[in-house]
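Asks: Have a look at the structure that comes next, please.
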Amino acid sequence: ALPILSDVYARHLETPYEFWIFATATYLGNIFCGKIRIDSSLSTEPRIYMAGIGPSAVTRKSESQRQLDKFFREYIESMDWGGEEPKRIVHTCNVGSAEGLISFLKKESHSIYFLDELKSFIQKSDIKGSNLLQIVNSLFEDTRYENITKDSHLSINDAHLSFMGFSTNETWDDMFSSTFTDIGFMNRLWIVPGRTDKLFSLPQSIHRDEKIPLFANLIRLVRNFGLQDSHLPPVTLELEWDAKWK
C-alpha cells in the first residue's frame, strides 16, 4: 500500500518521494493502532514521529500531509456505513498548548500532531511553564499521561499520538536546544531527508480512476486487520529474521 499510493501522488506533485512514503506510513500506523502489534513484550504500536527535512529550494514539503488527509477523507466518504454518518479514522491537530493537546486527544484518541513548520512546535514547547514537550515525548511509547501540579491536572488514558513536521535544512541545523536532546526527543524522530528536481507550474489533478485501486487496497487492509470490528483482538506480526538482527 505504501509504494503504490506514493507512486501515484509522486507522479503528479513536486513533493519528494521520500515524504510520500513516510507520510503514508505515519497515517496508516496511526489508523491501525490497537489492531496490529509486534510479537514483543514491549507492546509497541505502529506509530511514528516523522520529521521531513529538505533544502529551502524544495517546494511543497508539507503538501504530502494535506494531500493524504484529503485522500483519507475521500476514502471515508466512499465507504458504506449502513446509513450512519461517515466516521473519520484518523484526525490531525495543531494545538499550541499542553492543555489543548490533552483536550483534543480526549475527543479524538487517534490523532496526528501536524506542523507545517516544525520550528513552531519548538517555539511552543519553549514557552515557560509549558508541558507540551513532555506530553508529546511521553506519548511516543505510551498511551497514558498524567501530571498534577498545584494549579492544574493534565491526564489522558487512551491516546494514540503520531507526529509529523517539516523543516528546511538551514532551520533544522540550529533549531533544537539542549532541552530536546536531554529529554530524548531527538531519538524519537524518524528523520526523513528529501529532495526533488521536479517542477510543475500547475500540478495535474489526480483522477478518481487512479484513486479507486488505492481505496481498494485500503479496504482490503481494513478488513484483514479487523479495523471495523472493535471486538477482534490485535493481529500479532513477527519480524523477519534479517529485520531482527540488523
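Asks: Before anything else, pin down the relative contact order of the chain: Cα pairs under 8 Å, at least 6 apart, normalised by residue count, whole percent.
Replies: With pairs under 8 Å counted, the relative contact order is 32 percent.
Asks: Moving on to the next point. At q = 0.11, 0.12, 0.15 Å⁻¹, what log₁₀ I(q)/I(0) does a Debye calculation on the Cα points of the chain give, no solvent, two decimals?
Replies: One equal scatterer on each Cα of the chain leads to -0.64, -0.76, -1.18.
Asks: Something else now. Would you work out which of Leu5, Leu202, Asn224 lies farthest towards the positive end of the dipole of the chain? Charges go on Cβ: Lys and Arg +1, Asp and Glu -1.
Replies: Leu202
Asks: Can you give the FRET efficiency to the nearest 0.05 for His12 and Ser177, using r as the Cβ-Cβ distance and R₀ = 35 Å?
Replies: Plugging the Cβ-Cβ distance into 1/(1 + (r/R0)^6) gives 0.35.
Asks: Based on the Cβ-Cβ distance of Gln123 and His153, what FRET efficiency does E = 1/(1 + (r/R0)^6) give at R0 = 25 Å, to the nearest 0.05?
Replies: Taking R0 as 25 Å, the efficiency between Gln123 and His153 is 0.45.
Asks: Calculate the dipole size of the chain relative to its Cα centre from +1 charges on Lys and Arg beta carbons and -1 charges on Asp and Glu beta carbons; express the result in debye to the nearest 20.
Replies: 180
Asks: Further, regarding this structure: Label point 7 Å out from Ser205 along Cα-to-Cβ: which residues of segment 1-32 have amide N under 13 Å?
Replies: Flagged as within label range: none.
Asks: Amide H to amide H under 5 Å from Thr92: which residues, 5+ apart in sequence or cross-chain, H placed 1.01 Å off N in plane?
Replies: Distant-sequence amide H within range of Thr92: Ile112.
Asks: Where does the chain land at 222 nm, in deg cm²/dmol rounded to the nearest 500, when only DSSP H runs of n ≥ 4 count, each adding -39500 (n - 2.57), divided by all residues?
Replies: -11500 deg cm²/dmol
Asks: Sequence-distant or interchain residues sharing an amide H contact under 5 Å with Ile36, placed H: which?
Replies: Hits under the 5 Å cutoff: Val235.
Asks: Could you tell me what percent of the accessible area of the chain is made up of carbon and sulfur, with a 1.4 Å probe and every protein chain present?
Replies: Answer for the chain: carbon and sulfur cover 50 percent of the accessible area.
Asks: Further question: Set the bar at 29 Å for Cα to Cα. Now go through Lys70/Lys106; Lys61/Lys124; Lys35/Lys128 and name every pair that lies beyond it.
Replies: Cα-Cα > 29 Å for Lys35/Lys128; rest within.
Asks: If you count the DSSP beta bridges with both ends in the chain, what percent of them are antiparallel, to the nearest 5?
Replies: The antiparallel proportion sits near 15 percent.
The values are calculated or read from the model by the stated rules, or taken from the named source; none is laboratory data. Just so we're clear, the structure is a prediction, and the values are computed from it rather than from any experiment. Cβ atoms come from the backbone with ideal geometry, glycine included; neighbour counts cover every protein chain shown. When the accessible area is computed, the model is the full protein with side chains, heavy atoms only, and any ligands, DNA or RNA have been set aside. Shrake-Rupley method; radii C 1.70, N 1.55, O 1.52, S 1.80 Å.
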